[in-house]
1. Which count do you get for residues in the range 159-184 that are surrounded by fewer than 19 Cβ atoms within 10 Å (Cβ to Cβ) and either outside any helix (DSSP H, G or I) or without any contact (Cβ under 8 Å) to a residue 40 or more places away in the chain (or both)?
2. Can you tell me which residues in the range 82-99 are outside any helix (DSSP H, G or I) and either closer than 13 Å to Thr157 by Cα or at pLDDT below 90 (or both)?
3. I'd like to know if the range 120-127 contains one or more residues that are of a type outside the set (Gly, Ala, Ser) and touching a residue at least 12 places away in the same chain (Cβ under 8 Å).
4. Would you mind finding the one in Phe38, Phe53, Phe88 that is buried (at least 18 other Cβ atoms within 10 Å of the Cβ) and aromatic (Phe, Trp, Tyr)?
5. Residue by residue through the range 233-257, note down the ones that are within 22 Å of Pro191 (Cα to Cα) and either of a type in the set (Ser, Thr, Tyr) or touching a residue at least 60 places away in the same chain (Cβ under 8 Å) (or both).
6. Would you pick out the residues in the range 100-109 that are more than 15 Å from Leu148 (Cβ to Cβ) and in a helix (DSSP H, G or I)?
7. Looking at Ile222, Ile226 in this structure, which one is more than 17 Å from Ala63 (Cα to Cα), at pLDDT 90 or above and hydrophobic (A, V, I, L, M, F, W, C)?
8. Say we look at the range 110-157 and pick out the residues that are among the small types (Gly, Ala, Ser) and part of a loop (DSSP other than H, G, I, E, B); which of these is surrounded by the fewest Cβ atoms within 10 Å (Cβ to Cβ)?
Amino acid sequence: MRRSTWLSGPYILWMAIFTIIPLGVVVWFAFTDGAGHFTLDNVLRLGDYLPIFLRSVWMALAAALICLVIGYPAAYYIAGRSPMAQRFLYMLIMLPMCMSFLLRTLAWVALLEDTGIINGFLEALGFTPLHLIRNDGAVILGMVYNYLPYMILPLYTVLLKIDPRLIEAAQDLGCTGAQVFQKVTLPLSVPGIVSGFTMVFVPAISTFYISQKLGSTSSILIGDVIESQFKGAYNFNLGAAMSLGLMVIVFVCTAVMHRFTGDEEVVTL
């Protein structure tokens, strides 16, 4: 027991230095003013930004749902291939992650802008150019593209671990392919769904670069406001309060999502 405690020492030290202490600093700034005096004004002012908080939540949820709709079939397909094909497809999923996040977002700007590649191609075909950028749809598209691997990889891991004998047993009992998926595959993949949904939702709700490059003034997210408080207004106290409020929202949403899963999944045929 003493040895295991000693071995966990570096992890505890790491968490203390890079998690607990920074979180304490955020809490300190959130509940103090510029002179270091205790105040609730920063927290009370969060109500003024409630529409932006709600917009950030729904856009992050929309991006996570789209990632789930796209990512589940992709993960299901990869998990059903041969080991060699799985490694190749897994590499293709991870390949975009090797490129800079900023470059990937700027690539979409080049594709979607009014004089971009897509509209240039439409004009060459004789079609009217489309307004594809500076709207909520473009922001959600950027989120989906950048965070889709975070949905696919957990789903692929969970689907790969499903015992094939359970599927064979369901088929032997007369279940059709759709029934096997509904009664066996889907229930057993719920932990992967929740994990992937969380991994997409958390960075999506706090993003700011995507909304700045692909969105408009009506697409401002809470991450943009927090950045402006630290880099523009230099109001560290209000920015810390917003960061704290965002963390609370993330914790609540994550708790709600994990409420639908558990340590054990029961399959009923």
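1. Residues meeting the conditions: 18.
2. Within the range 82-99, just Met99 meets the criteria.
3. Looking through the range 120-127, none of the residues is of a type outside the set (Gly, Ala, Ser) and touching a residue at least 12 places away in the same chain (Cβ under 8 Å).
4. After ruling out the rest, the residue left standing is Phe53.
5. Matches in the range 233-257: Ile249, Cys253, Thr254, Met257.
6. Within the range 100-109, Leu102, Leu103, Leu106, Val109 qualify.
7. Ile226
8. Filtering the range 110-157 for residues that are among the small types (Gly, Ala, Ser) and part of a loop (DSSP other than H, G, I, E, B), the one surrounded by the fewest Cβ atoms within 10 Å (Cβ to Cβ) comes out as Gly126.
The values are calculated or read from the model by the stated rules, or taken from the named source; none is laboratory data. As the structure is a computational prediction, the values presented were derived from the model and not from experiment. Cβ: placed from backbone, ideal geometry, glycine included. Neighbour counts: every protein chain shown.
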